[in-house]
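Written below as structure tokens is the structure these notes are about.
Just so you know, all these numbers are worked out from the coordinates, no wet-lab data involved. Nothing here was measured: the structure is a model prediction, and the numbers come from that model. Every residue, glycine among them, receives a Cβ derived from its backbone with ideal geometry; neighbour counts consider all protein chains shown.
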Amino acid sequence: MLARPQIHEHSWSGDGTLTLRGSFADRPAESLEAVLLRSGSTQRHPVPVEREGDRFSITIAVAALPVFGRPEPMGDGQWELRMRFPTGDEDLLSPSLAEVRDPEHRFGPKLYRLTTSSDRAPAISVRAALELIEAGRVQRKILREYYYPLLLKRRALRDAVVFISFGGRQATDNPLGIAAELRRRGDTREHIWAVTDWSVPVPDGARAVLRSTEAYWEALARSAYLVSNDDMPTGYQKRAGQIYLQTWHGTPLKRIGFDAGTLQSVNGARYLDHLAADIAKWDMLLSPNPVSTPILRRAFRFDGEILESGYPRNDVLATNDGAALADTVRERIGLPAGKRAVLYAPTWRDNQFYGAGRYRFDMRLDLERAWHQLGDDYVILIRGHHQMADDVPAGIRPGFVLNVTGYPDVSELFLVSDALITDYSSMMCDFAVTGKPILIYAYDLADYRDNLRGFYLDFEAEVPGPVLTTSDEVIAAVGDLDSVAAASRARYEAFAAKFCPLDDGKAGARVCDRLFGEV
């Protein structure tokens, strides 16, 4: 049994770099790797280790951790440090650190502190640096229930746009497509993105505001435009003169809104009440295609304007610079040249949850078997739904499986994927724009259709690829994608004609023309 590596000292630099120094006598001729594991999550980040004999040092850029080629601050929470030999296995060594009394260090908008976990392993605690009025439940209630309403009454609207995507967990999807089109037109308005964590990357030139802070409520109160792809968080009040555009975030294939009834989730009944209150504030709703328009109107009981624009998030799939962007994405995610990339992106299940807003990733694809059968010619990209982004397994075969859940924009992943494996996700409508093969892994089709959600289409007859029910069937289909594409060509073309007629690269332009006019 290997001894535990020992951490003897640490130091912080002024730019937010933490250096740990220690010793480890076992196998001194071999190199070491270190990894940060986020507690309560499957998120992990490798960090560099330098080793000379039995001495080593670990350098962690807490405020600029490389994430898919971009520097980002560490996400909030506690991150435990583990070490390993780079042999391809997952046996992690737990370094030992004597009790440390380290103060919090501020770098940018976050506070970091070196501490220890329950087994005396080094850990880094990360949280937002909040003002006194923002730090605490009572203070946040004061901001929401007193400060925000006061701003609504006393401060004038200004020509700015607040974007919020998936409640602030990302800065992506249709809001990003609209923001990109505005910038392409030379729009000079301030673009403000509401985020749940300062680690959420926002577009260049935009300003991020942390949800529930003073700046967030000020932005909501004073911005003339609000663009969201989901129902707004609790507390939002729409003021006179403010325009609220609801883009939604997927073509309705499975039943949504009031058509779905009370969902089998932890907050199913409360969700419909909250949704109804939010819908009453919408000024306009986007529809991705003509067939979806009456469904959206009925499912949301919305009697306002519905703009059949297509989805702005798909514009990137129909532009001339897609090849150059694909090269950039391959480099960012570490996708080796010459390998076929297959994106596995299932949706969430309403009844598989840990608690409110925390849904379980039910891995049904046998990755070990896939590796043995597909070999070195393929890479599997795993993408968790935003509802279960913290619960995606890291994979068991480095180089064969890449967890790309944290990659900011799934549309960019479509550009580098040679095929998509999904289940009931409307992602199949977006991916169909590429013309590349789609495999439907519907292992629980009867339960999902008859008990959980149900569909707006004849699922087995209309989806754009073969409906597969076992992992072995999926793996076999991945190994013969050309035959799958040929056999599915007619149904694929019919599906694209029905659901993708407006995905011509100009959806963002149609939205901006209607919402903002001439910029």
Exercise for the section: Among 147, 170, 85, pick out the residue whose Cα is farthest towards the positive end of the charge dipole of region 51-172, where Lys and Arg carry +1 and Asp and Glu carry -1 on C-beta, about the Cα centre. Expected result: 147
Handout entry: Antiparallel DSSP beta bridges within the chain, as percent of all bridges there, nearest 5
Key = 55 percent
Handout entry: Span per principal axis, largest first, for the Cα atoms of region 219-301 (Å)
Key = 36, 32, 17
Exercise for the section: Mind pulling up the Rg/Rh value for region 6-128? Radius of gyration and Kirkwood radius, both on Cα. Expected result: 0.94
Handout entry: Computed Rg/Rh of region 140-191, alpha carbon atoms with Kirkwood Rh
Key = 1.09
Handout entry: Base-10 log of normalised Debye intensity for region 322-499 (one unit scatterer per alpha-carbon) at q = 0.17 Å⁻¹
Key = -1.14
Handout entry: Candidate aspartates and glutamates for bridging to residue 339, where Cα separation is under 16 Å - those fewer than 8 sequence places away on the same chain excluded
Key = 327, 331, 376, 377, 418, 480, 482
Practice task
Among the lysines, select those whose C-alpha is under 26 Å from the C-alpha of residue 498, and discard any that sit fewer than 8 residues away in the same chain.
Solution key: 254, 436, 506
Exercise for the section: Could you run the Debye sum over the Cα atoms of region 42-87, one equal point scatterer each and no solvent, and tell me log10 of I(q)/I(0) at q = 0.21, 0.25, 0.29 Å⁻¹, two decimals? Expected result: -0.85, -1.08, -1.26
Problem - Sequence ranges 164-175, 440-451, ranked by mean other-Cβ count within 10 angstrom, highest first - result: 164-175, 440-451
Problem - Nearest-20 debye value, region 6-128 charge dipole, Cβ charges on Lys, Arg, Asp, Glu - result: 400 debye
Practice task
Between residue 470 and residue 19, take the C-beta separation as r, use R0 = 45 Å, and let me know the FRET efficiency to the nearest 0.05.
Solution key: 0.35
Practice task
Provide the packing ranking of 219-229, 128-138, 453-463, 34-44, i.e. peptides ordered by the mean count of other C-beta atoms within 10 Å per residue, highest first.
Solution key: 219-229, 34-44, 453-463, 128-138
Fill in the blank from the handout: At R0 = 30 Å the Cβ-Cβ FRET efficiency linking residue 308 and residue 487, nearest 0.05, sits at 0.40
Problem - Rg/Rh for region 426-502, where both radii come from Cα atoms and Rh is the Kirkwood radius - result: 0.96
Fill in the blank from the handout: Ratio for region 301-352, C-alpha Rg to 2.2 N^0.38 Å, reads 1.76
Handout entry: Spherically averaged projected area in nm², based on the convex hull that wraps the Cα atoms of region 113-213
Key = 9.1 nm²
Exercise for the section: May I ask you to list the lysines whose Cα is less than 30 Å away from that of residue 110, ignoring any residue fewer than eight positions away on the same chain? Expected result: 141
Practice task
Percent of Cα-Cα pairs per 10 Å bin, from 0 to the last occupied bin, for the chain, please list those.
Solution key: 3, 17, 27, 26, 17, 8, 1, 0
Handout entry: Share antiparallel - DSSP beta bridges, region 322-499, percent rounded to 5
Key = 10 percent
Problem - Debye, to nearest 20: dipole size of the chain, +1 on Lys, Arg Cβ, -1 on Asp, Glu Cβ - result: 1720 debye
